[in-house]
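The values are calculated or read from the model by the stated rules, or taken from the named source; none is laboratory data. The model shown is predicted, which means the values in this text are computed figures rather than measured ones. As a convention, Cβ positions derive from the backbone with ideal geometry for all residues, glycine included, and neighbour counts pool all protein chains shown. Remember, those area values only see protein heavy atoms, side chains included, never the ligands or the DNA or RNA. Shrake-Rupley method; radii C 1.70, N 1.55, O 1.52, S 1.80 Å.
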Amino acid sequence: MSTGRAEGGSTRPMAGAAGRVRTMKAVAMRKAGAMAMAAAIVLAGGLAGGISAATTARAQDTASESQKAIAAAMAALPPDAARVLFGSQPQPAPLEARSIGSYARGCLAGAVAMPVNGPSWQVMRLSRNRMWGHPNLISFLESFAQNARKDGWNGLLVGDISQPRGGPMITGHASHQIGLDADIWFTPMPNRELSAGERETLSATSLLKDGTREIDPKVFSPLHMRVVRRAALAPEVARVFVHPAIKQQFCELAGNDRGWLTKVRPIYGHYYHFHIRLACPAGLADCKEQDAPPAGDGCGADLAWWLGPEPWKPSPPEKPKPPLKMSDLPDACRQVLVSK
């Protein structure tokens with residue numbers, strides 16, 4: 001039976017790449033204006049000690065909620081925790097672009113930032129400073145945003161990608177560590193540029209009825225399935241994660257067009273956004289690929305398990321696991337962390 005840990009790197013149920021690799025110099029020149037805006041917001045909403053304003057994995061959390069969450073986490077974490085060390089890095093490592101390690105235990109060298117504004121996307125929650133990714137992912141997202149308009153999707157609201165140097169986040173995601181994961185809101189981009197304040201307070205749209213594992217028919221539309229289908233059909237995409245009830249809805253509506261469903265994997269917590277994961281870029285020996293999804297459309301017994309009582313049974317008491325330290329990550333992550 002598949003689990004959230006095996007599939008997406010998430011450990012708790014909640015009810016709710018083949019773009020071109022561009023040089024850091026060229027990216028910096030093209031994106032200077034976007035980075036200036038992002039940096040200003042990070043500084044305005046940041047925390048003492050240079051910690052970037054990371055937040056929980058929930059797309060709907062506002063900047064103030066994020067700051068409270070990170071402050072609480074910082075108070076409980078030892079100073080040598082990998083989450084603290086990587087979460088305190090405001091800029092990427094000036095190294096050749098590399099995704100190092102696995103999606104839930106690794107780091108990112110040579111990251112580039114998603115421009116905060118594009119013709120068919122806007123980046124949300126800029127204060128988190130999680131708009132960084134491997135150049136392949138950023139290139140993919142830019143193309144995907146443009147192509148999704150062919151399906152009637154007005155544009156992407158982009159949530160968390162990775163920290164400037166990847167690695168474990170102070171709060172929230174277990175994955176998103178190597179610059180190949182990105183969250184896309186189920187809310188399409190509006191026909192105007194959102195203000196800095198709106199990007200911090202505007203809530204994402206839940207596709208579920210409040211307090212249930214049922215689709216809200218007043219909110220869900222075929223457009224949601226079309227945009228996820230387009231992502232899943234991309235050859236560089238390894239998986240797309242959605243809430244089990246959303247996967248079930250796709251299974252019911254897909255008809256005979258079912259091949260793309262293989263990559264759409266159920267996992268709790270993904271009802272305000274869907275999570276795109278790229279495969280490791282070709283030639284990156286340090287990037288640990290995930291096993292391919294099981295054959296078939298994934299609409300049978302596995303999905304039924306996710307929607308049944310089993311995931312909701314209380315777990316036996318366990319001693320809390322210590323936070324990851326640098327010794328738990330690939331050796332190459334040490335260079336990523338200290339590079340200047």
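Some points to look at:
- Tallying residues that are farther than 16 Å from His173 by Cα and not in a strand (DSSP E or B) within segment 105-126 yields 9.
- Listed conditions (1) surrounded by fewer than 21 Cβ atoms within 10 Å (Cβ to Cβ); (2) out of contact with any Lys or Arg (no Cβ under 7 Å at 6 or more places or on another chain); (3) more than 26 Å from Glu142 (Cβ to Cβ) are all met by Arg230, apart from (3).
- Restricting segment 54-84 to residues that are open to solvent by 50 Å² or more (accessible area, probe 1.4 Å) and under 21 Å from Lys325 (Cβ atoms), the residue that is modelled with the highest pLDDT: Arg83
- Only one of the listed residues (Tyr268, Tyr272) is under 30 Å from Ser99 (Cα atoms) and at pLDDT below 95. That residue is Tyr268.
- Put simply, of Leu303, Leu208 the only residue that is touching a Cys at 6+ places or on another chain (Cβ under 9 Å) and not hydroxyl-bearing (Ser, Thr, Tyr) is Leu303.
- Scanning segment 280-319 for residues that are closer than 26 Å to Thr212 by Cα, in a loop (DSSP other than H, G, I, E, B) and not hydroxyl-bearing (Ser, Thr, Tyr) yields Asp297, Gly298, Cys299, Gly300, Gly308, Pro309, Lys313, Pro314, Pro316, Pro317.
- Any hit, segment 129-144, residues being of a type in the set (Asp, Glu) and either buried (at least 24 other Cβ atoms within 10 Å of the Cβ) or in contact with a Cys (Cβ under 8 Å, 6 or more places away or on another chain) (or both): no
- The set of residues in segment 188-200 being out of contact with any helix residue (DSSP H, G or I) (no Cβ under 7 Å at 6 or more places or on another chain), surrounded by 13 or more Cβ atoms within 10 Å (Cβ to Cβ) and either over 18 Å from Phe250 (Cβ atoms) or modelled with pLDDT under 95 (or both) consists of Met189, Pro190, Leu194, Glu198.
Every residue, every condition in (1) acidic (Asp, Glu); (2) under 30 Å from Ala82 (Cβ atoms); (3) out of contact with any helix residue (DSSP H, G or I) (no Cβ under 9 Å at 6 or more places or on another chain), yes or no:
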{"residue": "Pro235", "(1), (2), (3)": "no, no, yes"}
{"residue": "Gln249", "(1), (2), (3)": "no, no, no"}
{"residue": "Glu289", "(1), (2), (3)": "yes, yes, yes"}
{"residue": "Ala292", "(1), (2), (3)": "no, yes, no"}
{"residue": "Trp312", "(1), (2), (3)": "no, no, yes"}
{"residue": "Leu329", "(1), (2), (3)": "no, yes, no"}
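- The set of residues in segment 168-185 that are crowded, with 24+ Cβ neighbours inside 10 Å and touching a strand residue (DSSP E or B) at 6+ places or on another chain (Cβ under 6 Å) comprises Ser175, His176, Gln177, Ile178, Gly179, Leu180, Asp181, Ala182, Asp183, Ile184.
- Matching residues, segment 87-105, being over 14 Å from Ile161 (Cα atoms) and either open to solvent by less than 20 Å² (accessible area, probe 1.4 Å) or within 17 Å of the chain's Cα centre (by Cα) (or both): Ala93, Ala97, Ile100, Gly101, Ser102, Arg105
- Selection of segment 237-264 for residues being over 22 Å from Val219 (Cβ atoms), assigned to a helix (DSSP H, G or I) and small (Gly, Ala, Ser) yields only Gly259.
- Within segment 74-91, residues that are acidic (Asp, Glu) reach partners that are modelled with pLDDT of 95 or more with beta carbons closer than 7 Å, at six or more positions or on different chains, in the pairs Asp80/Lys325.
- Residue satisfying all of: in segment 181-210; of a type in the set (A, V, I, L, M) and outside any helix (DSSP H, G or I); farthest from Ser120 (Cα to Cα) among these: Leu208
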